[in-house]
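Written below as structure tokens is the structure these notes are about.
No lab work stands behind these numbers, since they all come straight from the coordinates. Being a predicted model, the structure only gives us computed values, none of them experimental. Positions of Cβ are backbone-derived with ideal geometry, glycine not excepted, and every protein chain shown enters the neighbour counts.
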Ligand SMILES: C[S@@+](CC[C@H](N)C(=O)[O-])C[C@H]1O[C@@H](n2cnc3c(N)ncnc32)[C@H](O)[C@@H]1O
């Protein structure tokens, strides 16, 4: 049996969002964010989880705040959720290698695991050092941030990817909240689901945002790990 046929539906199977995070180098590529793009911005990372973007960016002098529901837990609980989810996700990868590109951010499975662990170490160190200053507990779609508190909001590996558990209404509510608190724009990556296909809810979500007066467009980025997962959605207030 090939890995394709033993996994006919394709893609990683998860019943909840994974507690696994990405590095700043991945964020920069996913969101087409060069260093000069971040200067002077006040960035919010929505559903940031255990990504090291906030830690690394602040260490370089940029202004980044992270928001996630896991920040209501202590570091031991987050650590055990990370190791549980690494086992769940990485345990499925050998059967799914054909769905990913291994000439991009990762050379092989070992490299992927190492980078995820490195991201987690940098995150947890920063979380323990800066706690509430940088890591804000929230349960989306609601946050306690005031209007236009940030300039740019980034949403990585949360919306669209998990369309099998998060519905259209939730997507629109999360994006509307992001647009309330980010004065310039909201960027979302990726736009594919776990099967590597463009999320079926992408069009209805964009239509609803357009109807609410927001301007949506899709941009290609330089990041591609899941094959075909190389686009981001940019949403801003219509000018
Ligand atoms: C796959 S992780 C993505 C982490 C990070 N953005 C990245 O790409 O590295 C998804 C995150 O969504 C968070 N999450 C799921 N539902 C949430 C909710 N309702 N409110 C806030 N965070 C949520 C989870 O706790 C998890 O950290």
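Test of understanding: in a Gaussian network model of the chain with alpha carbons linked when under 10 Å, which of 73, 200, 32 would top the mean-square fluctuation ranking?
Fluctuation is largest for 73.
Can you report the principal axis dimensions of segment 3-237 using only the alpha carbons, biggest first, rounded to whole angstrom?
Answer, in whole Å and largest first: 48, 42, 31 Å.
Normalised by the number of residues in segment 112-239, what is the relative contact order in percent for Cα pairs under 8 Å and 6+ residues apart?
Relative contact order here is 23 percent.
Top mean-square fluctuation among 178, 35, 66, Gaussian network model of the chain, C-alpha springs under 10 Å?
35
How far is the Cα center of segment 53-117 from the Cα center of segment 180-207, in Å?
Segment 53-117 and segment 180-207 have Cα centres separated by 20 Å.
What 222 nm value per residue comes from the helices of the chain, counting each DSSP H run with n ≥ 4 as -39,500 (n - 2.57) and dividing by all residues, nearest 500 deg cm²/dmol?
-12000 deg cm²/dmol
Give me the percent relative contact order of segment 159-234, please, defined on Cα pairs under 8 angstrom at least 6 residues apart.
Relative contact order, segment 159-234: 34 percent.
Give me 46, 225 ranked fewest to most by other Cβ atoms within 10 Å of their Cβ, as a rough exposure proxy.
Fewest-to-most ranking of 46, 225: 225, 46.
Which whole-number percentage describes the relative contact order of segment 3-237, with Cα contacts under 8 Å and a sequence gap of 6 or more?
Reported as a whole number, the value is 25 percent.
For the chain, set up a Gaussian network in which alpha carbons nearer than 10 Å are linked by springs, and say which option among 86, 24, 60 fluctuates the most.
Maximum among the listed residues: 60.
So how do 168, 155 line up by other beta-carbon neighbours within 10 Å, fewest first?
Neighbour counts put them in this order, fewest first: 168, 155.
By counting other Cβ atoms within 10 Å of each Cβ, how are 157, 137 ranked from fewest to most?
Going from sparsest to densest Cβ surroundings: 137, 157.
Within segment 205-233, name every residue whose backbone N is under 14 Å away from a label modeled 7 Å from Cα of residue 32 along the Cβ vector.
What the label zone holds, given the 14 Å backbone N cut-off, is 216-224, 230-233.
Antiparallel versus total DSSP beta bridges in the chain: what percent is that, nearest 5?
Within the chain, antiparallel bridges account for around 45 percent of the total.
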